[in-house]
1. Evaluate the charge dipole of the chain about its Cα centre and quote only its size in Debye, nearest 20, assuming +1 on the Cβ of each Lys and Arg and -1 on the Cβ of each Asp and Glu.
2. Using a 10 Å cut-off around each Cβ, can you sort M442, M578 from fewest to most neighbouring Cβ atoms?
3. Restricting to Cα pairs below 8 Å that are 6+ residues apart, what does the relative contact order work out to for the stretch 385-530? Please round to a whole percent.
4. Name the residues whose placed amide hydrogens come within less than 5 Å of the amide hydrogen of D736, ignoring near sequence neighbours (fewer than 5 apart) on the same chain.
5. What list do you get for V397, V319, V650 if you sort them by fewest beta carbons within 10 Å?
6. Residue by residue through the stretch 464-479, which ³J(HN,Hα) values in whole Hz follow from phi under the Karplus form 6.51 cos²θ - 1.76 cosθ + 1.60 (θ = phi - 60°), with glycine and proline marked x?
7. For the stretch 455-462, what does the Karplus curve 6.51 cos²θ - 1.76 cosθ + 1.60, with θ = phi - 60°, yield as ³J(HN,Hα) per residue in whole Hz, taken in order and with x for Gly and Pro?
8. Which percent of Cα-Cα pairs in the chain sits in each 10 Å bin, short to long?
Amino acid sequence: MSIDLSVLNGPQRQAVECTEGPLLVLAGAGSGKTRVLTFRIAHLVNDLGVAPWEILAITFTNKAAKEMQTRVADIIGPRSRGMWVSTFHSMCVRMLRADAERLGFSRNFTIYDDSDSNRLVKEIMAELDIDPRRFPIKALRGRISQAKNELMVPGDFTARVSDPVGKVAARVYERLQDRLRKANAFDFDDLLLYGYLLLKHYPDALEAYQERFRYIMVDEYQDTNHAQYEITRLLAARHRNIMVVGDDDQSIYSWRGADLRNILDFEEDYPSCTTVKLEQNYRSVGNVLKAANAVIANNTERKVKNLFTEAQDGDPVKVYCASDERDEGRWIAGRIEQRRGEGMSYNQMAVFYRTNAQSRMIEDMFLRAGVPYRIVGGTRFFERQEISDVMAYLTCVVNPSDDIAAKRVVNVPRRGVGKTTVELLEGRARETGATFLQEAEMALADQSLRAATRTALGEFLGVLEAGRSFSGDLRRVVEAIIDQSGLIAALEAEGTDEAHGRIDNIREFLGVVDEFADTHTDEDALFEAPTAVSEADGEDGPGVRTLRGDSLADFIEWVRLRTDLDAAGDDGNAVTLMTVHASKGLEFDCVFVAGMEESLFPSARSIQESASVEEERRLAYVAITRARKYLYLTYASQRTIYGQTQVNPVSRFIHEIPPEVRSAVGVGSAGFSGTGWEKRGSRRGIAGSGTEAGEGRVFGRSSASGAGERARRGKTGFSSASEGRSGARATFSSGDKVSHKTFGAGVVTKVDGDTIFVRFSKTGQVKKLLKDYAPIVKVD
Ligand SMILES: Nc1ncnc2c1ncn2[C@@H]1O[C@H](COP(=O)(O)OP(=O)(O)OP(=O)(O)O)[C@@H](O)[C@H]1O
Ligand SMILES: [Mg+2]
């Protein structure tokens, strides 16, 4: 049976059916670009008999890739296996795994994350005597990254630069690449750079991929950088069946080297290309779309589009002026509970902010209000110290040349391998060209070292050996490392709350291992790659040699390639908190955008250059267009962020929304001098109200604007709405038994003004709570 294309509109269908030759789909948000891409894959496989392995689809995040794979599988079933649906980075990893030797690496290479790279660059700067005050590491790394994205190898870069910072960066770049090679490691930018170099310098490899990928599709093409552009161009050169979809209005990664010209020039690169425009938005209600269209119309450098919807106008965009960031977080929590009371699931709600620093206060308020949330980005689980330590051990097991990993954990937990020993081994390794671990091994017999040091080194090497002995059984490798390294024992000995938290994280890490094992069956192994040295025509298609890697290497790679845009976990029903950047391509019924203030959104830096205000505006457009039904924009008349209190005017992007599609709610309805006191009980729908009518009603008024007054106002708006309580505020004293919505039963241990300390029975931990905000009640 062929795919039912009648669920698509005319131009969408045209794009799906135009399978031969270059195709550009240029269209605004929510017009079905990603949907078209998905249907096109299904159509190719199901209706035109194209083999799944002949298709390459590239998405922006691993999460999007997974989603697309699922959507295609929903339409065509298990045949979708064997298709390459991945990000540029994952695709390059696959290509490099197959052919790393040709570039002087071996297959078990590691991928350095940001903090690994930072350590290495720091080391190099010290070796080269570069003063970090004159040449900040961030600036140097930025230049190097830019060079890599522009596909300049150290020689090219050195020849090109003339400014002082550039020259220093060139020296660091040169050494960095040597050191990475010695460690058998790639950083993120290297994946693209070496992926490109492989295709460029090994025509047989290139031809094998060109032959294989008859159909190439790239989503979010407006955010590709030069390296990605070149890789795509090379791969598509033979069949020229390349489809790119994107929206110039959603180009938001120029700071990472994304080049809008890639999409604008597509028609020039492929003069025979077909261009399809999609103009109907299927995502958002009328008022949201009108707001988005009006905002983006203020940009001058764009292809004008006319995006319409047949949907109802829906609610106006709600604008709330908070007194400060606490009030903002509290108010958002209130609206969320209200929607929840009306039956909307937490999963369908999201809060966006311009910078990660804003998330802390929102999280705080959500915790207090008992709103479950998941946070995308920020300090990630995998970046925590204890998790990085475990990862470094695992890395040493897989890639013994990775000196950065070895040095990181040789004395973690402390086992008596001091700095002097590390430096001694480092020095020897530099002289002999051996790796750090090889030197450590040789030192075991070195009588000039103290016996205790040798024992300690032996212990360390023994841990790695133990890990290696279970190779093939991922969970046992990880368990062996955790047990034998003594990481947990050392934390237990420390005994602090923080140490216990770290132990929990390490245990949670085993959960991550299980999650990986569950989702990565053999068919998903990351090591299927076509290579030039085709041995046989396997079931994956001609020229495909299937390499089964060991699961630990797969696991490490999987962790490394999780970007800050990939959610930490998808399970459970929770509100999503993320930066606007991370929200690209997603949609939610109900969206909150916090911090709509000048200097925050648009950012202070962007305001100085008009070109970057245009990028901020595109960012605002992305944020607004994520909303299906309800959109809330909030700003604070005063905000403390980065330790400073600021008073900023309301964002220009709010002014750019036509007044007829927005309405002020809460304090906003009363203007800046209003109070933000809401009608009691309107918050959750529990007290019976919970309707839109509850919103915007002002409960009380005050002209005072001192901090104390503000704090008291906030209290009224929030605590009164908590479940099962009247508006009356309780007084607490030490010894009171209390119950908290999230943390359960506990006892008050201390009262300090507005703050109470409660020891919760479940965890035994003491938490600090603001007595009038926390969803907490006295129990008898
Ligand atoms: N023809 C259609 N009929 C019904 N629903 C559609 C149609 N086309 C798209 N949609 C729906 O509209 C929403 C937006 O589609 P999609 O995510 O593909 O848009 P997009 O152009 O990729 O958006 P973005 O620019 O934000 O990435 C999705 O929920 C999708 O299922
Ligand atoms: Mg999309």
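1. It comes to approximately 2820 debye.
2. Details: M442 14, M578 23.
In increasing order of surrounding Cβ atoms, one gets M442, M578.
3. Result for the stretch 385-530 is 23 percent.
4. V748
5. Values: V397 27, V319 21, V650 18.
Arranged by neighbour count, lowest to highest, V397, V319, V650 become V650, V319, V397.
6. For the stretch 464-479, the Karplus-derived couplings read 5, 4, 4, x, 4, 5, 9, 3, x, 10, 3, 4, 5, 4, 5, 4 Hz, x marking Gly and Pro.
7. With coefficients 6.51, -1.76 and 1.60, one gets 4, 4, 4, x, 4, 4, 5, x Hz.
8. 2, 12, 20, 23, 21, 14, 6, 1, 0
Readers should treat all values here as calculations from the given coordinates under stated rules, not as data from a laboratory. The structure displayed is predicted, hence computed values, not measured ones. So basically every Cβ, Gly included, is an ideal-geometry build from the backbone, and we count neighbours across all protein chains shown.
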